[in-house]
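Encoded as structure tokens, the structure appears first; notes follow it.
The values are calculated or read from the model by the stated rules, or taken from the named source; none is laboratory data. These figures come from a predicted structure and were not determined experimentally. Neighbour counts are summed over all protein chains in view; Cβ atoms, including those assigned to glycine, are modelled from backbone coordinates with ideal geometry.
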Amino acid sequence: MLEIAMIVFLTRKLFALTAERGSAAWWAGMGPLLWISGEVSGAVVAGMFGFEDLAAYPVAIAFAIGGAVLSWAIVREAPIQIVLPSDETEDVLVDRGARS
């Protein structure tokens, strides 16, 4: 149950980050995707190293947290969409360079 709450929290934070930056909202969907794939990957790796049951769970959670951090980094670097004022509206991707 706590894990589901963390996924929901992560997704909401990523949606807020995309809204703040003006990026497409679908970028925030990578949070749950990378969390779950990281957890499954962690369980597989733990199984390969001989961990069983409860010993494999911390490894899976560590990989899931790695997926969450990766999704945050990707969304933070996602292209920003700016609509230029003109007769023809089109999206232009802008690179801001280094961010603080």
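Quick notes on this structure:
- Verdict on Arg12 being buried (at least 16 other Cβ atoms within 10 Å of the Cβ) and closer than 13 Å to Val75 by Cα: no
- Yes/no for Phe15 being at pLDDT 95 or above and among the hydrophobic types (A, V, I, L, M, F, W, C): no
- Per the conditions (1) touching a Gly at 6+ places or on another chain (Cβ under 6 Å); (2) modelled with pLDDT of 95 or more, the sole criterion not satisfied by Ile80 is (2).
- Count - residues of the stretch 17-36 that are more than 19 Å from Leu2 (Cβ to Cβ) and loosely packed, with under 15 Cβ neighbours inside 10 Å: 7
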